[in-house]
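Notes follow once the structure below has been shown.
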Amino acid sequence: MGAFQRKSWRFRAGLVIAGLLSTSTSAATGEPGFDINSLPPGVGVFAVLTIMALMIGVIMTTQRLRSSSLFNRLFIVVAVASAFFSAVSSAIGFSLITSQESADAFRNSVLPAAFGVFVFFLAVAIWVGGAELVRHRDWFRKLGRGVISDVVFFIERAFKLLIVIPLLAILLFFISTWTTVVGIGGVDAVRYTYQSEIERLQSECTGITGYRQKDFLFLEDLRLSVTGVARVARSERRGGAQSGAAGPGAVTAYFTGIADWLRDMEVSVAAIIDGGDPSGLDPYDADICAAKINALSRLLNRNAFDNYDLWAREFESAFNDFAVTLNRWSQDRRIEKLLEQQLASFARANPKPVASLLSPPQNEAITRYAENIEKALKSLIRKQKLTKPPAPKKSAAERSPARGLDILREMILPPPPEAPPEKISRTQAVVAAEFVPGLSTISPRDAVLKNANIFSDIWALAISWDYAAYLLMFVFLFFPSAERAAGFKD
């Protein structure tokens with residue numbers, strides 16, 4: 001029976017190590033080869049049930065526990081099972097914390113598996129070994145049976161259960177429970193944060209593309225201006241509407257020149273709008289925001305456990321690249337600068353005829369119309385300047401910048417509420433300094449802390465896994481008869 005027990009323990013330890021190795025390898029590396037994720041779900045269920053059945057069979061039938069009660073044996077089953085599941089999830093969490101994108105087999109594969117094995121035996125030592133520690137007397141063992149002996153034994157058990165075991169449990173919390181939470185909920189917590197960032201980027205994209213769509217309104221105003229000047233030139237040629245002298249002349253030639261100049265400016269503005277963006281994206285495409293947000297969502301929903309660092313880097317790069325593109329679109333002032341340059345060169349591009357060659361009505365008509373054209377251009381430029389992109393929204397890091405231990409500090413000592421920001425007029429200088437923030441990067445360990453209220457079920461599950469055995473252990477304090485089977489009770 002002793003040989004059978006030794007073989008069964010070796011078998012169980014081998015299964016734990018093999019499972020942890022497979023878990024850590026698939027979670028931390030992206031190298032080709034055997035991937036446990038490719039197995040059907042039923043295989044994993046069958047493997048876990050097989051391990052549990054073998055473990056329960058060994059514990060329930062071993063002769064070493066022949067004097068133990070059914071409660072005591074089931075307590076050991078619970079403690080070992082919780083240690084097994086905690087070890088697997090801790091190995092996943094440890095791989096998320098320490099993995100690298102580079103092919104570092106020791107860091108990515110060996111360390112998480114070794115840590116999982118360590119967590120398994122640490123949990124078994126604390127709960128199964130702790131129960132053994134609680135059940136036996138260490139102080140005043142030479143006292144005979146009696147009330148004083150029972151009181152002393154009760155005090156000794158209470159000291160072990162209320163002081164010694166909790167101290168060991170604190171150690172288990174930092175080693176096991178923390179990495180268990182990261183392993184189970186870390187990636188989901190990161191996805192939760194990044195999903196809110198995607199929604200922010202979608203809102204920014206909608207506002208900026210809407211701002212860029214107003215360029216079409218400006219182009220249409222410019223086309224109407226060209227049409228109006230051409231109409232004036234025709235009416236001047238046919239009936240002398242401006243100068244009173246019909247037919248070709250200086251006034252008609254001047255008006256026609258202005259129409260041609262405006263038409264050239266219209267062509268230049270249309271070329272700016274139709275020109276390709278360096279990013280290959282079109283800010284005037286009505287579906288561009290939906291397409292980019294869907295692409296980011298697909299990246300976010302990929303399997304992060306194959307290679308977490310690679311997954312995070314690819315998503316961050318795609319997100320920040322699009323944020324840079326949005327910033328370029330919002331700061332695009334080419335049309336405005338073109339108008340200012342054309343207005344500055346208006347007199348040079350459309351020189352008035354020599355006054356001595358014009359009659360007073362012709363001179364007055366040309367001067368009046370030139371002033372009207374300049375006023376119209378200034379009005380278009382003013383309208384273009386008043387059209388501003390929407391103010392950027394704060395990123396998650398700007399709203400809540402705490403990371404690491406600062407998150408715990410904020411939980412314990414919340415910062416005072418911020419005063420409402422002073423309202424600042426969005427002048428051209430202010431708008432020029434604004435930019436769409438990039439991705440608020442966050443690690444799995446920070447994400448589960450910062451969103452602890454949202455992932456409270458994960459915390460509850462991890463604590464239940466690690467500390468259910470502690471609650472069962474209290475039975476040994478108040479009901480000593482629960483330890484031993486019939487025929488072996490005191």
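For this structure, a couple of remarks:
- For the chain, the Cβ-based charge dipole about the Cα centre amounts to some 1080 debye (Lys, Arg positive; Asp, Glu negative; other atoms uncharged).
- Net charge over other residues, Cβ less than 14 angstrom from the Cβ of residue 152 (K, R count +1; D, E count -1): +3
- Cα gyration tensor category, rounded, prolate or oblate, for region 364-411 with a/c compared to 1.5: prolate
- Among the listed options (i) 271; (ii) 214; (iii) 190, the one matching volume of the Cα convex hull per residue in Å³ as calculated from these coordinates is (iii).
- Value in Å of the Kirkwood radius, where region 326-423 supplies the Cα pairs that are averaged: 19.1 Å
- Between the Cα long axis of helix 178-239 and the first principal axis of the chain there is an angle of about 10°, rounded to the nearest 10.
- Helix 2-28 vs. the chain, principal-axis angle (Cα, 0 to 90°, nearest 10): 10 degrees
- DSSP-assigned coil residues among chymotrypsin sites (Phe, Trp or Tyr not before Pro) in region 266-336, each with at most 15 further Cβ atoms within 10 Å: 284
- Largest accessible area first, the listed residues 94, 46, 154 line up as 46, 154, 94 when surface is computed with a 1.4 Å probe on the assembled protein chains.
- Accessible area per residue, Å², region 283-369 with all protein chains present, probe 1.4 Å: 51 Å²
- Share of carbon and sulfur in the accessible heavy-atom surface of the chain [1.4 Å probe, %]: 63 percent
- Taking all pairs of distinct alpha-carbon atoms in region 275-376, Kirkwood radius in angstrom: 18.6 Å
- Degrees separating the helix 334-344 axis from the principal Cα axis of the chain, which is the longest one: 20 degrees
- Rounded to the nearest 20, the Cβ-based charge dipole of region 243-348 about its Cα centre (Lys and Arg +1, Asp and Glu -1) stands at 240 debye.
- Modelled spin-label separation between residue 453 and residue 484, with each label point placed 7 Å from Cα along the Cα-to-Cβ direction: 5.3 nm.
- Exceeding the 25 Å Cα-Cα cut-off - candidates 292/393; 352/378; 337/423; 423/450: 337/423; 423/450
- Backbone amide hydrogens, once placed in the peptide plane, bring residue 68 within less than 5 Å of 485, excluding anything fewer than 5 places away on its chain.
- Every helix of 4 or more DSSP H residues in the chain counts as -39500 (n - 2.57), and over all residues that averages to -23000 deg cm²/dmol at 222 nm.
- Per-residue 3J(HN,Hα) values for region 370-381, derived from phi via the Karplus relation 6.51 cos²θ - 1.76 cosθ + 1.60 with θ = phi - 60°, read 4, 5, 5, 5, 5, 4, 5, 5, 4, 5, 5, 5 Hz in sequence order (x marks Gly and Pro).
- Dipole check for region 413-464: with +1 at the C-beta of Lys and Arg, -1 at the C-beta of Asp and Glu, and the Cα centre as origin, the magnitude is about 60 Debye.
- Accessible area expressed per residue, region 373-426, with surrounding protein chains retained (probe 1.4 Å, Å²): 78 Å²
The values are calculated or read from the model by the stated rules, or taken from the named source; none is laboratory data. Predicted model, so just to flag it, every value in this text is computed and none were measured. Every residue, glycine as well, gets a Cβ built from its backbone with ideal geometry; the counts of neighbours run over all protein chains shown. Note: areas computed on protein heavy atoms with side chains; ligands, DNA, RNA excluded. Shrake-Rupley method; radii C 1.70, N 1.55, O 1.52, S 1.80 Å.
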